[in-house]
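Student: Please read through the structure below; I'll follow up with questions.
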Amino acid sequence: MSTPLVLASKEFYLMLVQLASKRTKKKNDRIIFLLSFPESSQMTLQLLYKHFPEKLVICYAKNAKDLAEFYENKGCPIYCIDTFSVLIKDIVPLVSSSKLVFCDNYFAFLARITFNNKASVVQLWHANGAIKLFGLEAKYTKNVTKRDRERYIEVYNKFTHYVVSSQKMADVFAKNYRQAINELPFGYLPTDLFFDQEWLHRAKKQFKHNFPTKKKIALYVPTYREHQSEVPLDFSSLKRQLNDEWLVMVKPHPHDKELYQKVKDIDGIISDFKEMDLAQILPSVDCLITDYSSIPFEYSLANPNGKMVFFCYDYEEYKKEVGIEEGFQYWAPGKIVKKQNELVSAIQAPSEEGFETFNQMWNEYAHGSAREQLLKWVKNVYDN
């Protein structure tokens, strides 16, 4: 819970944002992209830069510096959100006076932005669906102060549109953000790749080149846990148990250095993906092992003939501390297991269900045309 000093500093921060925003009078026709998830936002940035190179401005969090600088080298203005002087002097005036703002996350400073250009503020989000709760529904949010919750709502109220892959996800936003959702039912932009047969062919070919094997591929992709406990898996044992038929790969969350260190030197466990990103890997994965991550919502499109196993060793604890979407145990498109022996059995067992029902629920708007639809919508914003 925030201390009085922390609360005071947050209020002071937002007061300065508010003053800088209110002093901004001049309108602009820029497209502002608030960037903090480079992997999920890369495709949207490619689209915007290709069609609106003179309009695009990227305001980035430090972890997205490399991608931002890539576009800076192409002539795109970039500003670091985490540098307070830059935020107040450059970013707040730009955002306040712009006509279109894209966000891939929650950005606290938006709480006190006063838009003077009837801006459309689009929440792209950094996931295609949700298993864990977030926003005001997350269990940890119950422990914050009333003033903190009010600030969260101030930010949520700034979003005017949400790009979603399903009515289900629109409902999740409505519940977690406690507001009516003006949805853009285009589909999650990164999933366009999984409908592109040429791209799929190249991705599979590159995977085979990098990892030549006749074994089936099992990929473990756990979610990031703020209070990380050691994953109760003996990876050497897991490899031995699956060795004859399966090649085991582990892709830790970028912030989970502990898991990476645990698996990187285990003989036969693949954790170096040779610069292939997760989207390129998924079409070649025979069994996805995950837990509360959003990756199942992409994998179900990347490999419709694959299978999933949910290794939820801390299910009750996670449900209590973070929260899990209602009905997960019923709509999860694979077995939910808690122990290593159960995991091995689930991986080895024949697949009992496909992803059709799951995709109807979570990917009903995803048809490979999200970029085309978003581009048409952006052009319409500028024509009116």
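Student: Inspect the range 46-64 for any residue being out of contact with any Ser or Thr (no Cβ under 7 Å at 6 or more places or on another chain), polar (S, T, N, Q) and under 23 Å from Arg371 (Cβ atoms) and give the result as yes or no.
Tutor: There is at least one residue in the range 46-64 that is out of contact with any Ser or Thr (no Cβ under 7 Å at 6 or more places or on another chain), polar (S, T, N, Q) and under 23 Å from Arg371 (Cβ atoms).
Student: Filtering the range 299-331 down to residues that are among the small types (Gly, Ala, Ser) and out of contact with any Cys (no Cβ under 9 Å at 6 or more places or on another chain), which residue is nearest to Leu200 (Cα to Cα)?
Tutor: Here is the first cut: in the range 299-331, the residues among the small types (Gly, Ala, Ser) are 300, 302, 306, 323, 327.
Pick out the ones that are also out of contact with any Cys (no Cβ under 9 Å at 6 or more places or on another chain) and you get 300, 302, 323, 327.
Details: Ser300: 14, Ala302: 8, Gly323: 35, Gly327: 32 Å.
Applying the filter and picking the extreme gives Ala302.
Student: Of everything in the range 303-341 that's charged (D, E, K, R) and assigned to a loop (DSSP other than H, G, I, E, B), which residue is farthest from Leu219 (Cα to Cα)?
Tutor: Pass one, the range 303-341, residues charged (D, E, K, R): 307, 314, 316-317, 319-321, 325-326, 335, 338-339.
Among the residues that remain, those that are also assigned to a loop (DSSP other than H, G, I, E, B) are: 314, 325-326, 338-339.
Values: Asp314: 19, Glu325: 23, Glu326: 26, Lys338: 17, Lys339: 17 Å.
Residue satisfying both the conditions and the ranking: Glu326.
Student: Separate question: Which condition number in (1) surrounded by 14 or more Cβ atoms within 10 Å (Cβ to Cβ); (2) outside any loop (DSSP other than H, G, I, E, B); (3) among the charged types (D, E, K, R) is the one that Lys27 fails?
Tutor: The one condition Lys27 does not meet is (2).
Student: Also, quick follow-up: In the range 128-176, what residues are touching a residue at least 60 places away in the same chain (Cβ under 8 Å) and more than 23 Å from Phe37 (Cα to Cα)? Show your work before the answer.
Tutor: Just the residues of the range 128-176 that are touching a residue at least 60 places away in the same chain (Cβ under 8 Å), to begin with: 128-133, 137-140, 143-145, 147-148, 151, 163-169, 172.
Matches in the range 128-176: Lys139, Asn143, Val144, Thr145, Arg147, Asp148, Gln167.
Student: Okay, moving on. Taking the conditions exactly as written (assigned to a loop (DSSP other than H, G, I, E, B) and hydroxyl-bearing (Ser, Thr, Tyr)), does Thr114 satisfy them or not?
Tutor: Working: assigned to a loop (DSSP other than H, G, I, E, B): yes; hydroxyl-bearing (Ser, Thr, Tyr): yes.
Spelling it out, Thr114 is indeed assigned to a loop (DSSP other than H, G, I, E, B) and hydroxyl-bearing (Ser, Thr, Tyr).
Student: Now, a different point. Inside the range 246-298, can you point out the residues that are buried (at least 20 other Cβ atoms within 10 Å of the Cβ), of a type in the set (Val, Ile, Thr), touching a Lys or Arg at 6+ places or on another chain (Cβ under 8 Å) and not in a helix (DSSP H, G or I)?
Tutor: Within the range 246-298, Val248 is the sole residue that qualifies.
Student: Also, quick follow-up: Going through Leu193, Leu189 one at a time, which residue ends up being within 19 Å of the chain's Cα centre (by Cα), open to solvent by 20 Å² or more (accessible area, probe 1.4 Å) and hydrophobic (A, V, I, L, M, F, W, C)? Spell out the reasoning first.
Tutor: Values: Leu189 fails: open to solvent by 20 Å² or more (accessible area, probe 1.4 Å).
Answer to the selection: Leu193.
Student: I'd like to know if the range 230-242 contains one or more residues that are touching a helix residue (DSSP H, G or I) at 6+ places or on another chain (Cβ under 8 Å), more than 25 Å from Asn341 (Cβ to Cβ) and open to solvent by 80 Å² or more (accessible area, probe 1.4 Å). I'd like the intermediate steps shown before the answer.
Tutor: As a first pass, look at the range 230-242 and keep what is touching a helix residue (DSSP H, G or I) at 6+ places or on another chain (Cβ under 8 Å): 230-235, 237-238, 241-242.
Among the residues that remain, those that are also more than 25 Å from Asn341 (Cβ to Cβ) are: none.
Scanning the range 230-242 turns up no residue that is touching a helix residue (DSSP H, G or I) at 6+ places or on another chain (Cβ under 8 Å), more than 25 Å from Asn341 (Cβ to Cβ) and open to solvent by 80 Å² or more (accessible area, probe 1.4 Å).
Student: Among the residues of the range 151-171 satisfying the criterion of being surrounded by fewer than 18 Cβ atoms within 10 Å (Cβ to Cβ) and of a type in the set (S, T, N, Q), which is farthest from Tyr13 (Cα to Cα)?
Tutor: Applying the filter and picking the extreme gives Gln167.
Student: Hey, can you tell me all the residues within the range 67-94 that are in contact with a helix residue (DSSP H, G or I) (Cβ under 7 Å, 6 or more places away or on another chain) and in a helix (DSSP H, G or I)?
Tutor: Leu67, Tyr71, Leu87, Ile88, Val92, Pro93
Student: Can I ask one more? Write out, first by first residue and then by second, each pair whose Cβ atoms fall under 6 Å of each other, whose residues are 6+ apart or on separate chains, and whose first residue, in the range 81-107, is of a type in the set (Asp, Glu) while the second is open to solvent by less than 10 Å² (accessible area, probe 1.4 Å) and assigned to a helix (DSSP H, G or I).
Tutor: Asp104/Ser41
Student: I'd like the full set of residues that are aliphatic (A, V, I, L, M), open to solvent by 40 Å² or more (accessible area, probe 1.4 Å) and closer than 23 Å to Trp377 by Cβ, limited to the range 92-150.
Tutor: We begin by selecting, within the range 92-150, every residue aliphatic (A, V, I, L, M); these are 92, 94-95, 100-101, 108, 110-111, 113, 119, 121-122, 124, 127, 130-131, 133, 136, 138, 144.
In the following step, the residues that additionally are open to solvent by 40 Å² or more (accessible area, probe 1.4 Å) were identified as 108.
Scanning the range 92-150 gives no hits.
Student: Could we say that Pro222 is in a loop (DSSP other than H, G, I, E, B) and under 16 Å from the mean Cα position of the chain (by Cα) here? Don't jump to the end; show me each part of the working.
Tutor: Numbers: in a loop (DSSP other than H, G, I, E, B): yes; under 16 Å from the mean Cα position of the chain (by Cα): yes.
Judged against the criteria, Pro222 is a match.
The values are calculated or read from the model by the stated rules, or taken from the named source; none is laboratory data. Being a predicted model, the structure only gives us computed values, none of them experimental. Ideal geometry is used to build each Cβ from the backbone, glycine not excepted, and the neighbour counts take in all protein chains shown. Surface accessibility is based on the protein's heavy atoms, side chains included, excluding ligands, DNA and RNA. Shrake-Rupley method; radii C 1.70, N 1.55, O 1.52, S 1.80 Å.
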